[in-house]
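The values are calculated or read from the model by the stated rules, or taken from the named source; none is laboratory data. As the structure is a computational prediction, the values presented were derived from the model and not from experiment. Because the Cβ atoms are built from the backbone with ideal geometry, glycine has one as well, and the counts that use them run over all protein chains shown.
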Amino acid sequence: MSDQADERDYPLDISVVAPDILQLRIRGEWTTRARLPGTTALETALAGHPRIRRLRFVSDGLRHWDSALLTFLLRVQVLAGNSQIEVESDGLPAGVKRLLALATAVPERRGARREQPRTPWLARIGKRTLAVVDAATEVLAFIGEVALSLGRLLRGRSQFRFSDLLLTLQQTGAQALGIVALISFLVGLILAYIGAAQLQQFGALVYTADLVGIGMARAMGAMMTGIIMAGRTGAAFAAQIGTMQVNEEIDALRTLGISPMDFLVLPRMLALILMMPLLCIYADLFGILGGMFVSVSTFDISVMEYLHRTREAVHLRHFGVGIVNATVYGVLVAIAGCYQGMRCGRSSSAVGAAATSAVVSSILLIVIATAILTVIFNVLGI
């Protein structure tokens, strides 16, 4: 905002009453409800009258004031001090003079403020590089511990309860059927609308079934299931393990000689690895049903014709590609959620940050894995 607007909010009259005296008449209300006035007008007046050696205040029209007036007066004092001009405060209210004297009683000691030295850009790059290397080392160490835990499971020496695995299977599988069905049905519906709108131009509406079937079986079913599980299950894993970290339950497990990787991470990872392929097939089914609903209700394709085209176009290798994708996504979501939970801090805000990081990292890893797997399958001709 300009100084003119400020002076309208805080009425201030500046006049020369003597060759060496500049008078500032303060009137109206000076409160923090509006912005502070600028000192541009005062600087202009001082520059136009170089013989000014004293500043005088008149405050007979001042009604209400608070710290806003003190702030302005301190700025005026700094400006006057720089120009070697004496400030007379006799015309100010008694309360203002006392507070002003208190504010300027002890000058600020030189060097009292701690100034953060600016780090050179090369040093900043080095610090960030070291941070990335440390984070990558932690992730690799966590993956190594997971591999060792799987090895102990294969040798029959892992320390986890089978009931925990069953409970996690129920939470990640049966309880997720509703949201997976809804999202997959809508995705199939969207694919059918988009595909049919283009295929209709060539009189090939019947191939909408091919588009929806292959798209859901190869990629979209597994990807949407992975994203759903990242937001639903990955965040839950991070929050559960993070809360245990806050309550020092993980420390208690280590004290009892129980490996947290076996007891907490392994059941969750196994549950996602086992349930993701099944949820992927379930999502494929509802995606195909969504495409069939659009094709039958909007584009006059019969149910039998749609199912026949789907059976002709979609083969087992397409479902195999989707199942492989889903299994990889399950591993990534489990690793991201459990890793963020294990490295969680010991506060409630840290638990929330861990859950958020788990979702973000899971979705990012799913997208990267999708790109890599798509290239691999195309190179292999699958």
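If I filter region 350-382 down to residues being polar (S, T, N, Q) and buried (at least 17 other Cβ atoms within 10 Å of the Cβ), which single residue comes out as farthest from ILE250 (Cα to Cα)? The extreme case among them is THR370. Scanning region 324-349 for residues being surrounded by 15 or more Cβ atoms within 10 Å (Cβ to Cβ) and under 19 Å from ILE250 (Cα atoms) gives a total of 11. GLN340 falls short on exactly one of the conditions (1) farther than 19 Å from VAL180 by Cα; (2) in contact with a Leu (Cβ under 8 Å, 6 or more places away or on another chain); (3) not hydroxyl-bearing (Ser, Thr, Tyr), and that condition is (2). Summed over region 25-49, the residues that are at pLDDT 70 or above and closer than 14 Å to LEU79 by Cα give a count of 9. Is region 313-323 home to any residue that is aromatic (Phe, Trp, Tyr), more than 32 Å from the chain's Cα centre (by Cα) and assigned to a helix (DSSP H, G or I)? Within region 313-323, one or more residues are aromatic (Phe, Trp, Tyr), more than 32 Å from the chain's Cα centre (by Cα) and assigned to a helix (DSSP H, G or I). Write out, first by first residue and then by second, each pair whose Cβ atoms fall under 6 Å of each other, whose residues are 6+ apart or on separate chains, and whose first residue, in region 184-207, is in the same structural domain as VAL303 (by TED's automatic domain parsing) while the second is not in a helix (DSSP H, G or I). Matching pairs, first to second residue: ALA196/PHE299; LEU205/PHE299. Within the span defined as region 277-287, every residue fails to be assigned to a loop (DSSP other than H, G, I, E, B), under 26 Å from ASP164 (Cα atoms) and touching a residue at least 40 places away in the same chain (Cβ under 8 Å). For region 160-185, a residue qualifies if it is of a type in the set (A, V, I, L, M) and more than 16 Å from MET223 (Cα to Cα), and the qualifying residues are LEU165, LEU166, LEU167, LEU169, ALA174.
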